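Reviewing the structure listed below.
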Amino acid sequence: MAEVLVYVDHVDGAVRKPTLELLTIARRIGEPVAVHLGPGAEAAAKVLGEHGATRVLAADAPEFADYLVVPKVDALEAAAKAVGPAAVLVPSSAEGKEIAARLALRLGSGIITDAVDVEAGADGPVATQSAFAAAFSTRSTVRKGAPVITVKPNAAPVEAAPAAGAVEPLEVSFGELATGTKVVSRTPRQSTGRPELTEAAIVVSGGRGVNGAENFSVIEALADSLGAAVGASRAAVDAGWYPHSNQVGQTGKSVSPQLYIANGISGAIQHRAGMQTSKTIVAVNKDAEAPIFDLVDYGVVGDLFNVVPQLTEEVKARKG
Ligand SMILES: Cc1cc2nc3c(=O)[nH]c(=O)nc-3n(C[C@H](O)[C@H](O)[C@H](O)COP(=O)(O)OP(=O)(O)OC[C@H]3O[C@@H](n4cnc5c(N)ncnc54)[C@H](O)[C@@H]3O)c2cc1C
């Protein structure tokens with residue numbers, strides 16, 4: 001069976017959830033082979049093996065941490081040349097997309113970015129993308145070279161599928177461009193303890209209806225009861241009620257969780273562009289005519305300050 005390369009996104013060997021989702025997708029197309037760059041390959045290989053990776057090609061070098069993406073592209077190119085894969089899957093983060101684009105160029109391959117689903121097809125993997133503020137879905141195949149596909153978080157479930165996960169060294173020689181852009185400092189962001197917005201399975205968002213920074217505690221309480229990330233509309237962000245890093249939409253982040261709960265958000269096209277591919281959408285809005293109700297699976301017409309705390313209490317009660 002043809003092998004499929006999966007680029008591993010990890011923090012010191014702790015594999016992030018979108019990579020495990022890529023392994024589910026890789027198994028639909030062929031045999032997953034993970035590419036792990038940086039420290040922690042042995043620890044990562046255990047998890048990667050549990051989720052279907054037959055082999056884990058590993059390389060560690062200071063270049064991966066000290067410079068921007070080019071060393072990683074060098075390594076992924078070496079892996080692709082060694083394996084001759086049926087496809088290369090990369091998480092759709094900003095870094096992932098830059099790596100994928102550079103890799104596709106080097107391999108002379110076609111690239112598909114921001115896939116929300118990938119299936120096996122007669123002529124190679126078929127990727128589904130969501131276009132024009134999710135008003136259309138497109139299905140595409142790559143016609144030249146090994147397809148390089150970046151896949152959005154939550155595009156597939158994480159599934160256990162025990163495989164060998166055997167660690168094998170990957171030989172990498174860095175090109176002269178690899179050390180062109182050095183990382184000179186890193187400042188860790190203060191952790192909220194909540195999941196990363198773009199990776200979260202559940203996102204609870206607040207908009208202008210939240211009516212003040214201090215009231216976002218209502219949104220956060222619901223998010224925490226569900227183990228969710230917190231999002232915000234641009235109106236809420238522009239008012240200074242919530243950080244820009246939490247903005248969902250065309251000029252914010254694009255999320256595709258299993259569940260999106262919009263509170264006091266009208267559903268402007270630019271907001272929809274960032275959340276319309278969510279699997280289940282719930283809205284709480286006091287205006288029954290709000291456009292958000294056109295796209296929801298469940299809608300509550302009511303005052304969020306009345307509805308959301310009750311929802312939070314109900315979730316907590318059910319969790320026991
Ligand atoms: C180029 C461009 C890019 C943009 N990018 C983005 C983007 O990335 N993300 C984004 O979100 N927007 C973006 N916008 C802005 C977008 O057009 C809207 O202005 C914005 O999304 C509105 O935010 P909102 O829904 O929170 O506010 P509003 O449209 O004002 O809606 C507030 C809603 O809250 C409801 N409400 C009020 N009080 C309560 C209450 N107590 N209980 C329940 N409901 C209540 C109201 O009925 C109303 O429906 C962009 C605009 C442009 C032009």
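Looking at the structure I just gave you, is Thr192 within 30 Å of Leu304 (Cα to Cα) and outside the structural domain of Ala239 (by TED's automatic domain parsing)? Break it down into steps so the answer makes sense when it comes.
Values: within 30 Å of Leu304 (Cα to Cα): yes; outside the structural domain of Ala239 (by TED's automatic domain parsing): yes.
It is true that Thr192 is within 30 Å of Leu304 (Cα to Cα) and outside the structural domain of Ala239 (by TED's automatic domain parsing).
Does Pro243 satisfy the condition of being open to solvent by 40 Å² or more (accessible area, probe 1.4 Å), more than 9 Å from the ligand (Cβ to nearest atom) and at pLDDT 95 or above?
Numbers: open to solvent by 40 Å² or more (accessible area, probe 1.4 Å): yes; more than 9 Å from the ligand (Cβ to nearest atom): yes; at pLDDT 95 or above: yes.
Taking the combined requirement at face value, the residue satisfies it.
Inclusion of Val284 among residues that are surrounded by 16 or more Cβ atoms within 10 Å (Cβ to Cβ), at negative phi and either in a helix (DSSP H, G or I) or near the ligand (Cβ under 8 Å from one of its atoms) (or both) is warranted. Kindly indicate whether Gly227 is more than 9 Å from the ligand (Cβ to nearest atom), open to solvent by 10 Å² or more (accessible area, probe 1.4 Å) and at pLDDT 95 or above. Criteria met by Gly227.
Could you go through the range 75-96 and let me know if any residue there is within 30 Å of Leu295 (Cβ to Cβ), buried (at least 23 other Cβ atoms within 10 Å of the Cβ) and without any contact (Cβ under 8 Å) to a residue 60 or more places away in the chain. For the range 75-96, residues within 30 Å of Leu295 (Cβ to Cβ), buried (at least 23 other Cβ atoms within 10 Å of the Cβ) and without any contact (Cβ under 8 Å) to a residue 60 or more places away in the chain: absent.
Of the residues contained in the range 198-217, one or more are found to be surrounded by fewer than 20 Cβ atoms within 10 Å (Cβ to Cβ), at pLDDT below 95 and not charged (D, E, K, R). Picking from residues in the range 254-275 that are modelled with pLDDT of 95 or more and among the hydroxyl-bearing types (Ser, Thr, Tyr), the one that is least open to solvent (accessible area, probe 1.4 Å) is Tyr260. Restricting the first member to the range 296-307 and to residues that are within 22 Å of Ala134 (Cβ to Cβ), and the second to residues that are within 11 Å of the ligand (Cβ to nearest atom) and at pLDDT below 95, no beta-carbon pair is closer than 9 Å while six or more apart or on different chains. Flag not set for Ser278, criterion: surrounded by 18 or more Cβ atoms within 10 Å (Cβ to Cβ), in a loop (DSSP other than H, G, I, E, B) and within 8 Å of the ligand (Cβ to nearest atom). Scoring Asp117 on the criteria (1) acidic (Asp, Glu); (2) open to solvent by less than 60 Å² (accessible area, probe 1.4 Å); (3) under 30 Å from Asp66 (Cβ atoms) leaves a single failure, condition (3).
The values are calculated or read from the model by the stated rules, or taken from the named source; none is laboratory data. Owing to the predicted nature of the structure, the values given are computational and were not obtained by experimental measurement. Backbone-built Cβ (ideal geometry, glycine too); neighbour counts: all protein chains shown. These area figures cover heavy atoms from the full protein model, side chains too; ligands, DNA and RNA do not enter into them. Shrake-Rupley method; radii C 1.70, N 1.55, O 1.52, S 1.80 Å.
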